[in-house]
Amino acid sequence: MRIIQISDSHISLKTPQRLDDLKRCVEAVNAQSPDLVVHTGDIAHDANAQEYQQARSALDELSAPYFVMPGNRDNRSELVAVFSDRLVMLQEFIQYSLEDYPVRMLMIDTVSTQSNKGRLCNTRLQHIKASLEAGDSRPLIVFMHHTPFEVTEIPDPFQFEDWSEVETLTGMFAQCEALRAVYCGHVHRNVGAELKGLPVTAITCMACDLRKGQITDEERQRPEYKVIDF
């Protein structure tokens with residue numbers, strides 16, 4: 001199975017070039033013949049309906065089924081209004097698992113209403129625990145927007161409001177033998193780490209003008225996505 005992760009399109013009515021960036025990325029992803037595509041949040045920059053509608057129009061050109069989840073720039077209500085068939089709600093959160101594929105996938109909602117940092121309340125943590133424990137022999141991968149590891153390349157390396165929630169999550173991950181990897185976005189650069197031997201990576205943003213770190217002009221302009229093969 002081939003899964004492709006994309007992230008942080010930041011579609012903005014004020015910066016129309018980002019829609020072109022997303023369209024170019026969709027074309028590049030289609031060339032990889034994916035079985036499934038996952039967008040790990042920050043779909044829109046100002047979270048208004050028109051931005052989501054533009055993103056939806058571009059993402060509908062994907063050759064494979066796709067699913068979305070929220071980032072800190074997204075508004076859950078607006079996101080649900082446009083992408084209701086591309087996500088699943090857990091009470092007021094957009095958190096769900098995909099069970100109909102050779103690989104199980106868990107989408108974790110890390111969005112806080114108080115800041116741009118991540119949050120994992122008891123409702124979400126309990127759902128994560130149940131989802132991790134409910135698995136079968138298939139491999140499992142996790143998608144989430146915020147990075148659950150110390151990102152030393154940025155000024156504020158801890159991107160959760162309460163790091164004890166991340167430690168709880170890490171403990172849950174360590175107990176799940178089927179879990180193979182965690183894939184994130186948010187930090188606008190390609191970085192990675194290990195959580196007790198579990199590989200965790202973050203992909204840079206599709207929005208070319210928002211990419212961070214020391215990158216070449218070619219790296220800034222090329223379509224960005226992550227190929228995950230099982």
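For Ala134, what charge total do you get from the other residues with a beta carbon under 15 Å from its beta carbon, if Lys and Arg give +1 and Asp and Glu give -1?
Residues near Ala134 contribute -2 overall.
List the lysines whose Cα lies under 22 Å from the Cα of Lys196, skipping any in the same chain that are fewer than 8 positions away.
Lys129
Can you list residues from other chains, or at least 5 along the same chain, whose modelled amide H is less than 5 Å from the amide H of Leu179?
Here the answer is Leu140, since their amide H atoms fall under 5 Å of that of Leu179.
Apply the Debye scattering formula to the chain, with a single equal point scatterer on each alpha-carbon and no solvent, then give log10 I(q)/I(0) at q = 0.13 Å⁻¹.
-0.71
Kirkwood hydrodynamic radius of the stretch 169-230 from all distinct Cα pairs, in Å?
13.1
What are the semi-axes of the equivalent ellipsoid for the stretch 78-167, taken as the square roots of 5 times the Cα gyration tensor eigenvalues, largest first, in whole Å?
23, 17, 13
With +1 assigned to the C-beta of every Lys and Arg and -1 to the C-beta of every Asp and Glu, and no other charges, what is the dipole magnitude of the chain about the Cα centre in debye, to the nearest 20?
Its charge dipole is roughly 60 debye.
Would you mind computing, in nm to one decimal, how far apart the modelled labels at Gln126 and Gln214 are, each placed 7 Å from Cα along Cα→Cβ?
About 4.8 nm separates the two model spin labels.
Per Stokes-Einstein, at 4 °C and 1.567 mPa s, what whole-number D in µm² s⁻¹ belongs to the stretch 2-118, with the Kirkwood radius over Cα pairs as the hydrodynamic radius?
It diffuses with D of about 90 µm²/s by this estimate.
Could you tell me which GluC sites (Glu not before Pro) in the stretch 1-83 are loop residues by DSSP with no more than 13 other beta carbons within 10 angstrom of their beta carbon?
Here the GluC sites (Glu not before Pro) that fit, given the DSSP loop and packing criteria, are Glu61.
Determine the distance separating the Cα centre of the stretch 96-123 from the Cα centre of the stretch 162-184; give it in Å without decimals.
Their Cα centres are 12 Å away from one another.
Where in the stretch 174-230 are there GluC sites (Glu not before Pro) that are in a DSSP coil and have at most 11 other Cβ atoms within 10 angstrom of their Cβ?
Passing sites in the stretch 174-230 are Glu177.
Where in the chain lies the longest segment free of trypsin sites (Lys or Arg not before Pro) that are both loop residues by DSSP (not H, G, I, E, B) and have at most 16 other Cβ atoms within 10 Å?
Longest gap between qualifying sites, sites excluded: 15-195.
None of the figures in this text is laboratory data; all of them are computed from the coordinates on show. For clarity, every value in this text was computed on a predicted model and none was experimentally measured. With ideal geometry, Cβ positions are generated from the backbone for all residues, glycine too; neighbour counts draw on all protein chains shown.
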